[in-house]
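All remarks here apply to the structure that follows.
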Amino acid sequence: MYEFLEKHKVSLLYVPLVLYWITLLILTSIPDVPRISDFTYEDKVKHFLAYGGLATLLSLVLHYQNKFHIMKKNYHIVAYFIIIVYSLFDEVHQEFIPGRYGDFNDFLANLSGAIIAILLVYLFVKKQNSYYAF
């Protein structure tokens, strides 16, 4: 799987990351109907999963790219930093969308999904690197 992703990184990682990120931005830019309750578990799960998917693709892209070696070596840290910045941007940007609002709990759900996803990618890469070291 590791080598397969390396060989097909453009079609399996780069393009999906761009499409996923554009889709995420579009979905968070669509006006929403006002909610009765500010906190719903279903909404937080959606944020967790959406940012988990984004973090998975982003961390894999950073790991498999070969142009910036510092980013490649520290892909997990760089990915999490980018997710923090983008999540803040996303929550602020939603303040300007009718029927939407920035929410600190959404921000926490975003970061939680991202950290779990990045950890899983980190473990995957570490396992694969130790497998190929022999």
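Within straight-line reach of LYS44, meaning a Cα separation under 17 Å, sit the following aspartates and glutamates at least 8 residues removed in sequence or on another chain: ASP32, ASP90, GLU91, ASP103, ASP106. Placing +1 on the Cβ of every Lys and Arg and -1 on the Cβ of every Asp and Glu, with no other charges, gives the chain a dipole of roughly 740 debye about its Cα centre.
When the Debye formula is applied to the Cα atoms of the chain, each taken as the same point scatterer, what base-10 log of I(q)/I(0) results at q = 0.10, 0.13 Å⁻¹? Each listed q maps to, in turn, -0.36, -0.58.
Going from the fewest other Cβ atoms within 10 Å to the most, the residues ILE118, ILE70 appear in the order ILE70, ILE118. Using Cβ point charges alone (K and R +1, D and E -1), the dipole size of the stretch 65-134 about the Cα centre works out to roughly 640 debye. Taking the dipole about the Cα centre of the chain, with the C-beta of Lys and Arg at +1 and of Asp and Glu at -1, give me whichever of ILE22, THR40, TYR2 is farthest to the positive side. Farthest along the dipole direction, towards plus: TYR2.
Dipole orientation for the stretch 2-132: of the candidates PRO31, ILE82, SER112, ILE82 has the Cα lying most toward the positive pole (charges on Cβ; Lys, Arg +1; Asp, Glu -1). Annotation: lysines with alpha-carbon distance below 29 angstrom to LYS67 (same-chain offsets under eight excluded): LYS7, LYS9, LYS126, LYS127.
Each reported figure results from applying straightforward, stated rules to the coordinates on display, with no laboratory input. Worth saying up front: this structure is predicted, and the values here are computed from it rather than measured. A quick note on method: Cβ atoms are made from the backbone with ideal geometry, for glycine too, and the neighbour counts reach across all protein chains shown.
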